[in-house]
Amino acid sequence: MRDIIVIAIVLAGSLAALRRPWIGIMLWTWLSIMNPHRYTYGMAYSAPLAAVAAACVMLGLLMTRERESPFKASPVTWFTLFIVWVTLSWLAGIDPEGDYEQWKKVMKIDLMLLLALALLHSKKHIVALMWVCAGSLALLGIKGGIFTLFSGGVYRVWGPPGSFIEDNNEFALALVMTIPLLRFLQLQLTGKLARHAMTAAMMLCAASALGSQSRGALLAISPMLLFLWWNGKNKVSIGLLIVLAAIPLIMFMPESWTARMSTIGAYEADRSALGRISAWWSAWNSAFHYPFGVGFNSARPELFALYSPYPEFVHAAHSIYFQVLGNHGFVGLALFLGIFWTTWRSAGWLRKQQTVVPEAQWSKDLGAMCQVALAGYAMGGAFLSLAYFDLPYNIMVMIVLTRLWVQKKAWLSEPVYAPGWRTLPGLATPAKAS
């Protein structure tokens, strides 16, 4: 039954994409982030569903007039340069043939991001993309949160099989980033029941992140919550809600969770931590000897033997910064940081707009909550290998599109949406934030 449902959704969405290719972008994003086909047991599990969706988007792109140049802002410039450099790094790397599959996987994501920038432009498109990104992960987070509560937090929560976030650590960071995106959507909802449901979803995502027993997630969620509180419109109620949610959740977790979290500072006795330090030294030193980087796999025994003080600890970088540095050198790292620094500044520009009319108030909310998500990514990513994961780049897309929307004063030409079952939730006039 799961196979039939997933395939039916993909076929319907792909056919719709031929006429409205932006729908295909939503479909592809759903498949790429949530990987729903990996929760099936039949033909849908390994079927090229994402390829079908992408092909229909490209065909629709050729037939639609509603397309623009994707090269719209400085984050996109940095992103494009990063794509070019990553490709050069792969070709000049140690094992281009062995790294081909990873390069192809990353390029598919990057191509679809550029197509999203070309095809999406309205508030409806931006809000829809937010729902797909946040909703896909929220469904998994709700499932994981319920599992954590019913199991007493004894077992770890894992992400979608065969995805960037399959590992419990990466999945936890993705959920940490999802919480502020859900908060943005909550701010746009008009019904009390829907807003309370969104609060429950955020709490379950937090429970799922803790249930992953990821130390990196704990390090990420703390500054994320602080930044969420700082950017909130009602600091008293938000702060009280965070405290009332955090304390019971932490007290609920079993002794095994507390014991694992307590090892954060004891890196000398932690083989995993020593492996990361070994990988960071190897990445740093190898970057001086390989200006273009070594390709998509820097966890090579021969590199550790030359460049790490702990050559016996051959380990993945488990850091977005050292992952990019080891794979693509100092230039690659500079371009990677450039993407998110300019994205952060654009989100800040949205957040600080003082003359925005009520119809565009949502853009300030989006800028603020996307900054919170990026803060979680910057902190948690320091200890996890998620440099190529879709979600941070989708946040870049939404920020770029929203800033252009504000600069064009698009609210003057777009329709005003009224609340109702036919209107995408959050698309109508926002409710006052609580």
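The values are calculated or read from the model by the stated rules, or taken from the named source; none is laboratory data. All values reported here derive from a predicted model rather than from experimental measurement. Heads up, the Cβs are rebuilt from the backbone with ideal geometry, glycines too, and the neighbour counts pull from every protein chain shown. Surface accessibility is based on the protein's heavy atoms, side chains included, excluding ligands, DNA and RNA. Shrake-Rupley method; radii C 1.70, N 1.55, O 1.52, S 1.80 Å.
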(request) Treating each Cα of segment 155-231 as an identical point scatterer and ignoring solvent, apply the Debye formula and state log10 I(q)/I(0) at q = 0.12, 0.20, 0.25, 0.28 Å⁻¹. (result) -0.35, -0.85, -1.10, -1.23
(request) Using only alpha carbon pairs under 8 Å that are at least six residues apart, calculate the relative contact order of the chain and give it in whole percent. (result) 21
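Which pairs in the list Lys364/Lys408; Lys104/Lys352; Lys108/Lys352; Lys105/Lys409; Lys108/Lys364 are over 27 Å apart, alpha-carbon to alpha-carbon?
Numbers: Lys364/Lys408 15 Å; Lys104/Lys352 38 Å; Lys108/Lys352 34 Å; Lys105/Lys409 37 Å; Lys108/Lys364 31 Å.
Over 27 Å apart, Cα to Cα: Lys104/Lys352; Lys108/Lys352; Lys105/Lys409; Lys108/Lys364.
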(message) Over the Cα atoms of the chain, each weighted equally, I'd like the Debye log10 I(q)/I(0) at q = 0.08, 0.10, 0.11 Å⁻¹, rounded to two decimals.
(response) -0.45, -0.71, -0.87
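Roughly to the nearest percent, how much of the accessible area of segment 291-434 is carbon and sulfur, given a 1.4 Å probe? Numbers along the way, then the final one.
Working: 3660 of 5900 Å².
Accessible surface attributable to carbon and sulfur in segment 291-434 totals 62 percent.
So which chymotrypsin sites (Phe, Trp or Tyr not before Pro) in segment 18-71 end up in coil per DSSP with only 15 or fewer other C-beta atoms within 10 Å? Before the final figure, lay out each step's value.
On the way: sites: Trp22, Trp28, Trp30, Tyr39, Tyr41, Tyr45, Phe71; in loops: Tyr41, Tyr45, Phe71.
Sparse-neighbourhood loop chymotrypsin sites (Phe, Trp or Tyr not before Pro): Tyr41, Phe71.
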(request) Report, please, the projected area of segment 58-121 averaged over directions, based on the convex hull of its C-alpha atoms, in nm². (result) 4.9
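Just need the Rg to Rh number for segment 1-87, please, alpha carbons only, Kirkwood Rh.
Working: Rg = 15.2 Å, Rh = 14.2 Å.
Across segment 1-87, the Cα-based Rg/Rh ratio is 1.07.
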(request) Give me the net charge of Gly42's neighbourhood, meaning all other residues with Cβ under 13 Å from the Cβ of Gly42; Lys, Arg count +1, Asp, Glu -1. (result) +1
(message) Under 8 Å for C-alpha pairs, at least 6 residues apart: give me the relative contact order for segment 60-153, rounded to a whole percent.
(response) 36
(message) Normalised by the empirical 2.2 N^0.38 Å for globular proteins, what value does the Cα Rg of segment 306-410 take?
(response) 1.33
